[in-house]
Every structure is written in C-alpha cells, then in structure tokens.
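The values are calculated or read from the model by the stated rules, or taken from the named source; none is laboratory data. Bear in mind that the values here come from a model prediction, so they are computed numbers and not experimental data. Using ideal geometry, Cβ is built from the backbone for each residue, glycine included, and neighbour counts are taken over all protein chains shown. The protein model used for the area step is the full one, side chains on, heavy atoms only, and it has no ligands, DNA or RNA in it. Shrake-Rupley method; radii C 1.70, N 1.55, O 1.52, S 1.80 Å.
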Amino acid sequence: MQRAMRLLESVAGHECGAPAKQLARETGLALPTAYHLLRTLVHEGYLRRDKGLFFLGDAAERLTSSGAPQKRRSTVVAALARWRDAIGAPVYYAVYREGEIDLVCVSDTPGNPAVQEWADFRATGHAHAIGQCLLSQLDEVARRDHLDRYPVQPVTPYTVRDGHSLLRRLERTRRMEPVFARQEYALGTVCAAVPITAGATAATIAVSLPVHQVHRLHPAAQQLQAEVGRLLGPLALSISI
C-alpha cells in the first residue's frame, strides 16, 4: 500500500503525465515492481494511461484535491497534442508565475521534436518567443525587475543585444498579437508565441519550426491563435494551477 501511495504522489506531481521508468526512478522502486503496481492502479481506476504516460484516474480524483487541477491539465495536454498534430510542429505552454518563466508543458513527436533546452530557459527569456511574449504582457516595473535578475546576454548571433533594445521591442509589441523570434535562442530554429492573459497572469502557447520552414511560421501562428481562442476557457482555468 505504501509503495502504491508513493506512485500516486509521484504521478500527481507531473502536470503532463509521466512514463513508468520515470515514476520508478522517482519512487525508488524496481521497474518490474513499478509496472505491476501501475497496472493495478490503472485497473482500480486510481490511474489512467494514455500513450505511455500515467495520469491520476477518477478514483484518485475523488480522494485528493489535486484531482480537479490535474483534470484541467489533462484538457490542456490533449489540446496541445491536437494542435501539434494539426499544425505539424511542437507546441509549448508557458506561464509567468512568481517572477519566473515556467514552461508548463511541451507536446512534440520524434518527427517534430521540441527545441532542446541547452541554455537555462528561465534565464534566457529575452532570447525566445515564449519569454518575449510573456514579458510583453507585464507592466514596465515587472519587466525591469525580470531583466535586473536575468540580464540580456547574447545567446546566438541573432539575439537582441541589450536590455534597452529588448524593452523597446517589447513596447512596440501590440496587445494580444503573436511574437516571433528567429534563431535567437537556437540556431536553425524559429518560433512564434501567442499571448494568453487571464486576470493578472500572463501565459502563452507557442510553436517552433526549423529555419528552412520559416515560411510556415506566420500561418502556423495564425492557426494556433484561432485554435487557442476556441479553448480559452479551460486554458484560463489551468493558469491558476
């Protein structure tokens, strides 16, 4: 029973689900033991399995207050996967929370992999569309506070060169319009981020493409923005998770 509870607690801590190997590692269980317990928990309704990832099931939702938030997370995960397949590109969901850029969830495929986080994603918000989109939604005081803690530094030859240039760019960004970045975080990659604002919280949904597909970037951003508008309610709820 204790081992099963450890697995449930581990699953509850993963917004986008987790595979058996990761859960076994986190709980210190042997992989065969973890597989056996996970199958039992799925059979009993405490967990559900989707494409190799484990999420809290209906039975667990009735026992813990984290069930409702995870149900909302599952809605977002499903939406990201649907948009990923429709657009043919990795899709990212991020929130600006307590002064930090929080990449909540990424949905990609082996054929369309997400950008590898080779430089700290939180500290390089000036260099990618996700970070610029979130910063553009903040007021001037919050922006300057962020840049004081994470000064602008070149990440690639295309990165904005200094904080003043970045602030001018952010000031020119029109409210609720997509933000684009071309090879500023990773060479060979372009990205677009669509802003989502719920109350005082800033959030964004983004896509990335290889640079040779840059011609697809604007249409992909427009398609993503239209899709996000259809699911704005559940997304806005999930921002509070």
**Study point:** Rounded Å value of the spacing that divides the Cα centres of segment 164-197 and segment 1-60
**Key:** 38 Å
Point to revise | Residues VAL214 and MET176, FRET efficiency given R0 of 35 Å [Cβ-Cβ distance, rounded to 0.05] | key: 0.95
Revision key, fill the gap. Simple SL model, points at 7 angstrom along Cα→Cβ for ASP162 and ARG49; separation in nm is 5.7 nm
Point to revise | List ASP145, ASP102, ASP58, ordered by accessible area with a 1.4 Å probe, largest first | key: ASP58, ASP145, ASP102
Check your understanding: Rounded if a/c is under 1.5, else prolate if a/b beats b/c, else oblate: with a ≥ b ≥ c from the C-alpha gyration tensor eigenvalues square-rooted, which is the chain?
Key -> prolate
Check your understanding: What is the list of residues in segment 162-181 whose amide nitrogen lies under 12 Å from a point 7 angstrom out from the Cα of GLU140, following Cα to Cβ?
Key -> 168, 171
Exercise for review: Kindly provide the helix-only [θ] at 222 nm of the chain, computed as the sum of -39,500 (n - 2.57) over DSSP H runs of four or more divided by all residues, to the nearest 500 deg cm²/dmol?
Suggested key: -13500 deg cm²/dmol
Revision key, fill the gap. Contour minus Cα-Cα span, ALA59 to ASP102, at 0.36 nm per residue, comes to 12.6 nm
Study note, to complete from the structure: Per its Cα gyration tensor (rounded if a/c is under 1.5, else prolate when a/b beats b/c, else oblate), segment 106-234 is best filed as oblate
